[in-house]
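Q: I have a structure here, written as structure tokens, and I will follow up with some questions on it.
The values are calculated or read from the model by the stated rules, or taken from the named source; none is laboratory data. Because the structure is a prediction, the values reported are computed rather than measured. Cβ: placed from backbone, ideal geometry, glycine included. Neighbour counts: every protein chain shown.
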Amino acid sequence: MTDNRHVKVLILGAGPAGLSAALYAARAELEPVVLTGMQLGGQAALTHTIENYPGFPEGVGGPQLGELFQKQAERFGAKVEFDMAHEVDFSQRPYKVTADSGDYFAETVIIATGASPVHLNVPGEVELTGRGVSYCATCDGWFFKDKKVVIVGGGDSAFEEGLFITRYASSVTLIHRRNEFRAGAILQKRAKEHPKMNFITDTVVTEIIGGEKLEALKLKNVVTGEESTFEADGVFIFIGHTPNTQMFKGQLEMSDLGYLKVNDKMETNIPGVYAAGEAADATFKQVVTSAGMGAAAAIQAARYLEETESVPG
Ligand code: NAP
């Protein structure tokens with residue numbers, strides 16, 4: 001065990017929650033180490049513009065916000081490692097976290113592993129991913145210049161990302177399984193007024209059709225039962241997220257949906273192990289709330305280290 005492998009605060013995940021935790025832990029001089037996982041900046045970095053993070057009245061690019069978070073945490077001594085955790089052992093302190101590069105031993109762990117997009121689970125979806133099926137407008141929107149695009153979902157993500165894709169696509173048709181949307185009023189108004197946006201409600205996608213690339217979607221109206229085929233070049237699926245908490249199963253308490261259970265101090269059922277952001281938040285899922293949870297987790301980890309270090313032996 002080398003020194004840089006034995007850390008006071010190990011943070012899993014580098015989205016708003018993880019990097020805010022890193023900032024607070026670094027300013028408490030705890031020299032936190034952040035393992036980025038697959039997505040530096042988290043899901044926020046996949047969003048083109050974030051308009052509701054305070055302090056940026058004109059909005060801020062998702063990737064840019066992630067970079068700013070990282071820079072600020074590093075300025076105070078946080079180390080951000082491009083490394084992926086696979087396994088944890090919370091049975092004794094220091095807690096062992098096995099990553100691509102080997103084992104880390106941590107006095108406290110802050111879990112900020114976020115969430116991943118839910119799939120439709122219809123025929124053709126897996127086969128055509130990257131050939132017309134996408135879960136990230138910022139990453140793939142550009143490929144659909146003057147093309148016909150479908151968005152699936154009725155929440156904020158579907159509307160926000162749909163509006164973003166109107167920059168490129170010739171038309172954006174949002175398909176939703178009900179006739180009411182979850183998305184906020186401002187987004188709905190903007191989308192409904194946009195000349196490139198169309199809406200098909202009470203309808204589900206039952207199959208995604210194509211060979212080398214996506215050609216069409218099979219649709220079913222859930223009220224009338226009527227089936228139809230809708231020609232399209234791309235489909236972006238925004239139907240929610242599932243928390244990335246598989247590796248904690250059996251060790252940390254979680255809800256039926258897999259969200260880690262924390263109290264108001266971000267404490268899990270294991271002392272010294274905290275969770276923040278979408279891995280533990282089934283309700284708010286905002287950049288600002290995730291950042292707040294990350295900060296709270298780090299403050300609590302610092303208190304815990306102070307308390308446990310002062311106990312003799
Ligand atoms: P969401 O709010 O959970 O919405 C998911 C949508 O997908 C719902 O309309 C849902 O339909 C639909 N859906 C779920 N499963 C489906 C399935 N199997 N087939 C077809 N449709 C399905 O997810 P989200 O839009 O990703 O947003 C997640 C959270 O992030 C929310 O709290 C949201 O407010 C927040 N967010 C905020 C912003 C912002 O403030 N600018 C931007 C993005 C996200 P039903 O409505 O029928 O359930």
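Q: Counting only residues that are within 15 Å of the ligand (Cβ to nearest atom), assigned to a loop (DSSP other than H, G, I, E, B) and β-branched (V, I, T), how many does the range 33-61 have?
A: Total meeting the criteria: 1.
Q: Out of the residues in the range 231-258 that are within 16 Å of the ligand (Cβ to nearest atom) and assigned to a strand (DSSP E or B), state the one that is farthest from V109 (Cα to Cα).
A: In this case the residue turns out to be V235.
Q: Further, regarding this structure: Picking from V126, V152, V97, V88, which residue would you name as being assigned by TED's automatic domain parsing to the domain that holds T201 and modelled with pLDDT of 95 or more?
A: V152
Q: Pull up the range 69-108, narrow it to residues that are under 30 Å from E160 (Cβ atoms) and surrounded by fewer than 16 Cβ atoms within 10 Å (Cβ to Cβ), then point me to the one that is farthest from the chain's Cα centre (by Cα).
A: K71
Q: Filter the range 270-312 for residues that are within 15 Å of the ligand (Cβ to nearest atom) and surrounded by 24 or more Cβ atoms within 10 Å (Cβ to Cβ) and give the result.
A: Answer for the range 270-312, where residues must be within 15 Å of the ligand (Cβ to nearest atom) and surrounded by 24 or more Cβ atoms within 10 Å (Cβ to Cβ): G277, E278, A279, A280, V287, S290, A291, M293.
Q: Sticking with this structure for a sec: Any residue at all in the range 212-222 that's touching a Lys or Arg at 6+ places or on another chain (Cβ under 6 Å), of a type in the set (D, E, K, R) and away from the ligand (no atom under 12 Å from the Cβ)?
A: For the range 212-222, residues touching a Lys or Arg at 6+ places or on another chain (Cβ under 6 Å), of a type in the set (D, E, K, R) and away from the ligand (no atom under 12 Å from the Cβ): present.
Q: Can you spot a residue in the range 118-125 that is surrounded by fewer than 16 Cβ atoms within 10 Å (Cβ to Cβ) and either aliphatic (A, V, I, L, M) or under 19 Å from the mean Cα position of the chain (by Cα) (or both)?
A: Yes, some residue in the range 118-125 is surrounded by fewer than 16 Cβ atoms within 10 Å (Cβ to Cβ) and either aliphatic (A, V, I, L, M) or under 19 Å from the mean Cα position of the chain (by Cα) (or both).
Q: Might you let me know whether the range 259-269 holds any residue that is away from the ligand (no atom under 16 Å from the Cβ) and not in a loop (DSSP other than H, G, I, E, B)?
A: Taking every residue of the range 259-269 in turn, at least one turns out to be away from the ligand (no atom under 16 Å from the Cβ) and not in a loop (DSSP other than H, G, I, E, B).
Q: Among all residue pairs at least 6 apart or on different chains, which show Cβ distances below 8 Å where the first residue, located in the range 29-54, is touching a residue at least 60 places away in the same chain (Cβ under 8 Å) and the second is of a type in the set (F, W, Y)?
A: Listed by first residue and then by second, the contacts come to V33/Y104; L35/Y104; H48/F164; T49/F164; I50/F56.
Q: Identify, from the list Q64, Q72, the residue that is part of a helix (DSSP H, G or I), free of Cβ contacts under 8 Å to residues at least 60 places away in the same chain, under 21 Å from V288 (Cβ atoms) and in contact with a Leu (Cβ under 9 Å, 6 or more places away or on another chain).
A: Q72
Q: Take L214 and tell me if it is at negative phi, not acidic (D, E) and not assigned by TED's automatic domain parsing to the domain that holds V9.
A: yes
Q: Working only within the range 185-206, note down all residues that are within 11 Å of the ligand (Cβ to nearest atom) and closer than 20 Å to L217 by Cα.
A: Of everything in the range 185-206, those that are within 11 Å of the ligand (Cβ to nearest atom) and closer than 20 Å to L217 by Cα turn out to be T201, D202, T203, V204, V205, T206.
Q: Which residues, counting only those in the range 154-184, are more than 8 Å from the ligand (Cβ to nearest atom), of a type outside the set (S, T, Y), surrounded by fewer than 23 Cβ atoms within 10 Å (Cβ to Cβ) and closer than 26 Å to V287 by Cα?
A: L163, F164, R167 - these are the residues of the range 154-184 that are more than 8 Å from the ligand (Cβ to nearest atom), of a type outside the set (S, T, Y), surrounded by fewer than 23 Cβ atoms within 10 Å (Cβ to Cβ) and closer than 26 Å to V287 by Cα.
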